[in-house]
Structure formats: structure tokens, C-alpha cells
Amino acid sequence: MSFTQRILLSMLAGIVVGIALNASAGALPGVNAFLVDGLFYVVGGIFLALLRLMVVPLVFVSLVCGVNAMGDLKTFGRVGAKTVGLFLATTAVAVTVGLSMALVVSPGAGFELEGDFAEVVPREMPPLADTFINIFPENLFQAMADGQMLQIIVFALLFGFAANLAGERAGSVVRFFRDLNEVILKMVMFVIELAPIGLFALLARTFASQGWEIFIPLAGYFLLLAGTLLAYLLVAYSLVLRAFGLNALRFLARMRAPMTFAFSTASSAATIPVTLNALMRRLGVPNSIASFTVPLGATINMDGTAIMQGIATVFIANVYGVDLVLADFLVIILLSTLASIGTAAVPSAGLITLTMVLTQVGVPVEGIALIFGIDRLLDMMRTAVNVTGDGVTACVVAHSEGVLGVLAGKGRAGTDPRGSGQRPMSPASESKSGSESES
Ligand code: ASP
């Protein structure tokens, strides 16, 4: 069996076992407790810890190598501007699509509000000035310990450019980072090899703890959001890729590992190692671009989250009978785009920043309690969309720079990710980074 087949089979088995355990929870409480809160919890927890363990060293080291490969500030400025521009544009389109679908279907109209719901405390919007200051780390180790991705990115960029400026005198430092990158990529491969077991345990536990009755009253909201996420993933991204002359089917097929990891972990951050691996080794995005776009995208680019926020806002407004006017929709588009930037790349974070959007348009934040119970499954789906969006941007930016390998039909994806860190970025030197060997 190929690696992909093993992963898909283990995910399917995890879902089936989870549903079976959920159904038999009353009859076999002992077995359930041993498996769900014992074995699956431990195995899934270890797998997640290993994935997260790789994130900070991988992002830091591969970004230093990437900056070294990029060479000058001008190239970086151009790549950075394209990346952030595409992130913002796709997110704004995503929330607009979500809102439009919600307006057509009008979920939540006629919904009977009954029962006690958990109390939701609205989240204060942090002052904008502090948000900017907080991008810059005061203490590298603190930033790493807290997994502050933007701060780590800033330090790695400064470090990488300083090493470039130091030229030959920093030669041994640069070589050290390239070799370290090799070692860390190998470690990532080890962890990815464990995926069939890890993903099985994560999914079995999630589905075993998911009570199905709660979905029934919210079926309208659930199906609308799930359908819109799927349509956005398949249609919108395909259109973007095609607009740039790239093969969308090939892209989706080769992004399946990050999508399945994102789905199973519901965390874009934990998926970073797998996304980087797929982009560099299977799609031919050079390290210099992937190492920058992927961690940045995991942190600030969340198209799936933006779609959820658009639909959830209309749903809750309908339930509480709040009329939204055109100006509100514009506010929702703007705020959901900003909120998705501020959403942490971890499970359920999108619901926390949703409070910001609801507060601004006068929709009761208590409404979040309604959708909280069924959010896990939707979170898994929107995280897969979030991660795919990062991949689309990385490919489009690399293509526009003339350095995209395999997906642009330029031979094999590079065989050695280190190769992409060795020279300043140029079409000839970088289009062959990564290899197709995975799965
Ligand atoms: N779980 C999502 C992610 O990590 C964030 C969200 O809750 O929307 O990408």
C-alpha cells in the first residue's frame, strides 16, 4: 500500500471506530474510557506533540536558509508584497462568498431558541498599535517558547539578511543552518511516517466524543458551511490557479497530505511541517518562498475561517432576529478579514475572534454558544481550506517569480531542499527544489 492509501485507510478506520465507540458508549463504558480517554488520547497527544515540536525549529531554520537563497531585500519586498496581497484578497473573497451563500440560503430563520447555553465572554479587540508592536520580538527564546510565529519570522528574516550582508565572513553560519535544515527535514519525515497511527487515534477520539444529536437542529448551518467550504476549496482555488496557468487538479492531488493533516488536527500551525514538505518536495516551490509563505500563511491567512465567520454571523443574526443592512455586510467583510489574521492557528480559535465581528455589527455574542457544540467538525474542514489557501498562494507567488518547479511543468520538484538554500534565487537555480519521493 502506498503511504497515501495507508493514511486514507487509517483516517477512515479512525472515523468508523470513533462513531462505533460513540454509539456503544452507554453499553461499554469501560472499553470506551480505556480507548477514548486512554489509548487514543495518549497516542494522538504524542503525535500532535511531535508535530508541534517540529514547527518552531523548522520555520526558523528553513526561513534563514530561504532568506539566504533569496539574496536581496528587493526580491524579498516583491515576494512579501505579492504574498500578503494574495492572502488578503483571497480572504476577502472568501468571506464575501460565505456571506452571499448565507444571504441566499438564510440559515437560522425560524430557529427555535431554547435551553441553556454556555456563557460566551466577548473578546476585546486589542489596540491596533500593540498588535503591530507585538510582531517584533523582545526576546527570541520567549518568542520560540510561546510559538509566536510572527515574531519568529521577523527574527529569522533579520538574521538571514544580516548573514547575507556579512557575506563570506558568515559562510560557516550559513552552512551550519543549511546542514541543520537537512537534519530537521529528516526529523519531519520521521514524524510524517507516524501519521497513519497518529491520525487514526486523533480521529477516533474526536468522533467518539462527538454526540450526533446536537447536529440535527443545526443541520442547516452545518450543511451550508460545509458545502461552501468544499465548493471554495474545489472551485475558487482552481480558478485562481488556472488564472495563473497552473494545473489545479495536480495541485489538489499533491496537497492531499497537508489537507488530511489539517483536517485531523484542526490546526494550521501543527500542519506547517507537512505543508512545507508538500510544497517543496511535491509541487516544486523553492525553499526561499515556501519557508516564508507557509508559516506566515498559517498565522494570518485563513480563508476557511473567514467563510465560517460570514455564515455564522448571518446565522446568529437570523436566530436572534437582528436585521443586517448593507453597511453591516461591509463591516463583516472587513472585520472577518482582519479577524482571520488575528485568529491563532489552533483548534476553535476562529470562534474566539468571531466575537469581535459579532460585537461590531450588534449581533449577540451569546449566539456562539449555539454553534460551539458542532464546531469541531467544521473547524477540521475550515482548517483544511486554510492550509490549501496557503499552498495556492505559495505556488502562485513562486510561479510569478519564475521559480515554480513541478506544478509549472518544469521538470521534477527539486531533489534536495538544501539546494534551494544555496544560491540567490533565480529561475535556473531554484526551480528544481524538493523531490517527488514522498508517498
Ligand atoms: N483551526 C483553525 C486553524 O488552525 C483556526 C480556526 O479556528 O478557524 O487554521
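Key figures for this structure:
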item: Of 145, 226, 384, the one that fluctuates the most in a GNM where the chain has Cα springs shorter than 10 Å; result: 145
item: Calculated over the chain: convex hull of Cα atoms, volume per residue (Å³); result: 141
item: Helix axis angle, 149-166 relative to the chain longest principal axis, alpha carbon, degrees; result: 10
item: Part-to-part distance (alpha-carbon centres) for segment 392-410 and segment 259-323, which is given in Å; result: 19
item: Max mean-square fluctuation residue, GNM over the chain, Cα-Cα springs under 10 Å, options 176, 251, 34; result: 34
item: Relative contact order (%) - criterion: Cα under 8 Å, at least six apart; region: the chain; result: 28
item: Residue among 173, 59, 357 with the largest mean-square fluctuation in a Gaussian network model of the chain, springs linking Cα atoms under 10 Å; result: 173
item: Residue-wise HN-Hα coupling along segment 127-142, computed from phi with Karplus coefficients 6.51, -1.76, 1.60 (Hz; x: Gly, Pro); result: x, 4, 4, 5, 4, 5, 4, 5, 6, 9, x, 8, 9, 4, 5, 4
item: Cα long-axis angle, helix 287-300 against the chain (0 to 90 degrees, to the nearest 10); result: 20
item: Principal-axis tilt of helix 73-105 within the chain, Cα atoms, nearest 10 degrees; result: 20
item: FRET efficiency for residue 212 and residue 42, using Cβ-Cβ distance with R0 set to 22 Å, rounded to 0.05; result: 0.30
item: Centroid-to-centroid separation of segment 142-213 and segment 1-61 [C-alpha atoms, Å]; result: 21
item: Nearest-0.05 FRET efficiency for residue 323 and residue 145, computed from C-beta distance (R0 60 Å); result: 0.80
item: Pairs of lysines in the chain (C-alpha under 23 Å apart; 8 or more residues apart or interchain); result: 6
item: Ranking of 291, 267, 24 by count of other Cβ atoms within 10 Å, fewest first; result: 24, 267, 291
item: Residue exposure sequence - 302, 280, 149, 144 - by fewest surrounding Cβ within 10 Å; result: 144, 149, 280, 302
item: Proxy reagent accessibility, fewest Cβ within 10 Å first, across 311, 133, 192; result: 133, 192, 311
item: Linear extension gain, residue 53 paired with residue 138, 0.36 nm per residue minus alpha-carbon span; result: 28.4 nm
item: Nearest-0.05 FRET efficiency for residue 81 and residue 235, computed from C-beta distance (R0 35 Å); result: 0.85
item: Protection proxy ranking of 6-16, 86-96 - average other beta-carbon atoms within 10 Å, highest first; result: 86-96, 6-16
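Read-outs throughout are calculated quantities, based only on the coordinates presented, and are distinct from any laboratory measurement. What you are looking at is a predicted structure, and each value in this text was computed from that prediction instead of being measured. Cβ coordinates were reconstructed from backbone atoms using ideal geometry, including for glycine residues, and neighbour counts include every protein chain displayed.
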